[in-house]
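A.B. asks: Right, I'll just put the structure down here and ask away after.
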Amino acid sequence: MEFNTSGSSNTDTGKASGSLETKYKMKELGLSFNQKWNTDNTLATEVTVEDQLTQGLKVALDTSFVPNTGKKSGKLKTGYKRDFVNLGCDVDFEGPIIHAAAVLGYEGWLAGYQMAFDTAKSKLAQNNFALGYRAGDFQLHTNVNDGTEFGGSIYQKVNDELETAVTLAWTAGSNNTRFGIAAKYKLDKDASLSAKVNNASLIGVGYTQSLRPGVKVTLSALIDGKNFNAGGHKVGMGFELEA
């Protein structure tokens, strides 16, 4: 039996939210039960069976219920994972909409395809393709979404202390291009500093400190470089507890 709680507060809107999650596993039967309640009064339940029908096959039923409105929703999720192959197919009972995805890997190369089909409209709602390569401390990723959104990223681990990344995205038929760079530097075994900047002049910085095993605190800030004197910058603080 596992318990997990989380909460957040937005100082701009004054809205606070929280959730309580419980997990129960029956390893001998490959069964797991997951139930989550949040302050929006939504109750979500997921029942999962794994590696029982065949090795690598996972089947789950995910439902949600809002007592205030009586709204119900459900999804049937299936996944099959073996060496170099990862397949998935979900059916959302609202619509219904069929989601399918496949990833194949070979000698550092990865190719993936993801689609969504709206059966009510007999229409392909999503059509995405991705290609990636990983070799040691270097990673390359490219993607095409619906034939109009193009993106790519490069990650490089320079050494044991420094990691860097570059991302680029653009939309066909427009001048909407996004570009960003990021870096993470490990100060010591318990602390790290990260920074990022994009072509919209948004500058993000963060500091993470491990207070003790299982306890981390993070301080972060997002600065609008184009409107520095106008304010509207954001600051944040987070705690991570793990037992």
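The values are calculated or read from the model by the stated rules, or taken from the named source; none is laboratory data. Every value quoted in this text rests on a predicted model; they were computed, and no experiment measured them. Backbone-built Cβ (ideal geometry, glycine too); neighbour counts: all protein chains shown. The accessibility values were calculated without ligands, DNA or RNA, using every heavy atom of the protein model including side chains. Shrake-Rupley method; radii C 1.70, N 1.55, O 1.52, S 1.80 Å.
A.B. asks: Given the criteria touching a strand residue (DSSP E or B) at 6+ places or on another chain (Cβ under 7 Å) and over 23 Å from Ser8 (Cβ atoms), does Asn199 qualify?
C.D. replies: yes
A.B. asks: While we're here: Name every residue in segment 211-243 that is closer than 20 Å to Gly7 by Cα and open to solvent by less than 80 Å² (accessible area, probe 1.4 Å), in order of residue number.
C.D. replies: Gly214, Val215, Val217, Thr218, Ser220, Ala221, Gly236, Gly238
A.B. asks: Among the residues of segment 137-183 satisfying the criterion of being within 30 Å of Ala116 (Cβ to Cβ) and of a type in the set (Phe, Trp, Tyr), which is surrounded by the fewest Cβ atoms within 10 Å (Cβ to Cβ)?
C.D. replies: Among those that are within 30 Å of Ala116 (Cβ to Cβ) and of a type in the set (Phe, Trp, Tyr), it is Phe179.
A.B. asks: I need the full set of residues from segment 162-178 which are at pLDDT 95 or above and either farther than 15 Å from Thr142 by Cβ or more than 20 Å from the chain's Cα centre (by Cα) (or both), in order please.
C.D. replies: Within segment 162-178, Leu162, Glu163, Thr164 meet the criteria.
A.B. asks: With the structure loaded, tell me whether Val235 is farther than 30 Å from Gly147 by Cα, in contact with a Phe, Trp or Tyr (Cβ under 8 Å, 6 or more places away or on another chain) and modelled with pLDDT under 90 or whether it fails that test.
C.D. replies: No, not satisfied.
A.B. asks: When you look at Gly88, is it in contact with a Phe, Trp or Tyr (Cβ under 9 Å, 6 or more places away or on another chain) and of a type in the set (Gly, Ala, Ser), yes or no?
C.D. replies: Criteria met by Gly88.
A.B. asks: For Ala221, indicate whether it is under 22 Å from Arg178 (Cα atoms), in contact with a His (Cβ under 8 Å, 6 or more places away or on another chain) and hydrophobic (A, V, I, L, M, F, W, C).
C.D. replies: The answer is yes for Ala221.
A.B. asks: Within segment 91-114, which residues are of a type in the set (D, E, K, R) and out of contact with any Ser or Thr (no Cβ under 7 Å at 6 or more places or on another chain)?
C.D. replies: Asp92, Glu107
A.B. asks: Of the numbered conditions (1) farther than 30 Å from Ala111 by Cα; (2) at pLDDT 95 or above; (3) of a type outside the set (A, V, I, L, M, F, W, C), Gln139 satisfies every one except a single condition; which is it?
C.D. replies: (1)
A.B. asks: If you take just the strands (runs of 3 or more DSSP E) that sit entirely in segment 1-63, which of them hold at least 3 residues that are at pLDDT 80 or above?
C.D. replies: Hits in segment 1-63: 16-26, 31-38, 43-50.
A.B. asks: Let me ask you something else. Quick one: in segment 64-95, of everything that is in contact with a strand residue (DSSP E or B) (Cβ under 6 Å, 6 or more places away or on another chain) and assigned to a loop (DSSP other than H, G, I, E, B), which residue is most open to solvent (accessible area, probe 1.4 Å)?
C.D. replies: Phe84
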